[in-house]
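Working notes for the structure below.
The values are calculated or read from the model by the stated rules, or taken from the named source; none is laboratory data. Note that the structure is a prediction, hence the values are computed from the model and not measured. Here the Cβ positions follow ideal geometry from the backbone for every residue, glycine too, while neighbour counts run over all protein chains shown.
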Amino acid sequence: MNMRIAVIQGTRPEIIKNYSIVKALVNFAINFEVLHTNQQGSSNMCTDIYRDMGYSPGRTLPGQYRLGLAIDWLQKVFKRDKITHVIVNGDTAASIAGALAAMYMDIEVTHIEAGLRSHDPQMIEERNRIMVDSIANSLFAYTAYEQEVLQKSPDIRGRIYLEGNTTVDLLHDFSNRFEQRLINGRYVYVTLHRKEFTDSKARMQMVFKVLRAIAEEVCPVIFPIHPRTRDAIKRHGLDDSTLRGVQVTEPVPIFNSLALQKHAAVVITDSGCIQEEAYLLNVPCVTIRDNTERHLTVRNGANVVTGFTPTVIRAAIESALHLPAKTWPEIYGMPSAGSRIVNRIAEHAWDDKPEVELPLVKLLPNQTLA
């Protein structure tokens, strides 16, 4: 059959994690396009990331993002462009929109980053990933832990694979872009943006109090602030003293973020992607949440989940600051995960070698994928 793939994404992490998928699709001369659902449309959250990754979407949802609108738009594009296969990544609204739109058109769905479970039924991302896993025809787990989760899940109907983590490809291909130290001396790097955190004024106040204390008493604290977190600070009426002494900045470009992580003494986060990146960069991580879906990072001693109690958070940070430098056990596979994943997709889609057509993805002028 002639395969025509749609890669669905709408957020900064998806653009980053799908970099090596797009690279492999280009290299394999598979006809495809990238569809952006406009969930995050700001320059520093998406446009700049596309530029750094070396590609841009073939089509973007017109107007302001809404989930129902995104599903309707995707189905129209699938029909118009004769899409035969849909790839979604992670646990975002874009992933559930892409999977649902494809399911109701009987289009093959691949879910990358399958099998992650926080075991928190109240988490929207958890519900998204469970639904997408149940829809998917092909499921690609990042580690053996998630592979086993999928194998034991009675609602999984698709083929299960373990081909590694596409973040490994990113770090491998762009290693020269984040080697340079941006800040001298010891510091901690912070990212906090999840709904469980920003919806609670009390939690924000408690965590910010700990960050202030670390900044005043231990070492500098670097905090590129997510738009959701900044909006929550205003919504809750928190004043400037809330983060006194903390070096708060606007969101930073991806390679600056990786450089700041790589050279940090500790990474403090509530992001799943940052937990993975810290692990791969061999930097201790403190996760300010009640749970995590990156269980092996905790099991291997690279990550501590603290909840929101200030004394526990402070103790975890100080303990992490005293950990000796080490390399964590390999759990996320070797480079070329994107190529392995695309090859698996092609194995089940090609009756014979497809006609080679130009991809619909837009590569940026004078730029090629690494």
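Quick one: which of ARG299, ARG314, ARG294, ARG340 is outside the structural domain of HIS193 (by TED's automatic domain parsing) and either at pLDDT 90 or above or surrounded by fewer than 20 Cβ atoms within 10 Å (Cβ to Cβ) (or both)?
Only one candidate qualifies: ARG340.
Would the range 46-57 turn up any residue that is hydrophobic (A, V, I, L, M, F, W, C), part of a helix (DSSP H, G or I), without any contact (Cβ under 8 Å) to a residue 12 or more places away in the chain and over 23 Å from ASN137 (Cβ atoms)?
no
Collect the residues in the range 216-250 that are out of contact with any Lys or Arg (no Cβ under 9 Å at 6 or more places or on another chain), of a type in the set (A, V, I, L, M, F, W, C) and either in a loop (DSSP other than H, G, I, E, B) or at positive phi (or both), keeping them in residue-number order.
Matches in the range 216-250: ILE225 only.
In this structure, is LEU74 surrounded by 22 or more Cβ atoms within 10 Å (Cβ to Cβ), in the same structural domain as ASP106 (by TED's automatic domain parsing) and in contact with a Leu (Cβ under 8 Å, 6 or more places away or on another chain)?
It is true that LEU74 is surrounded by 22 or more Cβ atoms within 10 Å (Cβ to Cβ), in the same structural domain as ASP106 (by TED's automatic domain parsing) and in contact with a Leu (Cβ under 8 Å, 6 or more places away or on another chain).
What single numbered condition from (1) in a loop (DSSP other than H, G, I, E, B); (2) modelled with pLDDT of 95 or more; (3) aromatic (Phe, Trp, Tyr) fails to hold for TYR65?
With respect to (1) in a loop (DSSP other than H, G, I, E, B); (2) modelled with pLDDT of 95 or more; (3) aromatic (Phe, Trp, Tyr), TYR65 is out only on (2).
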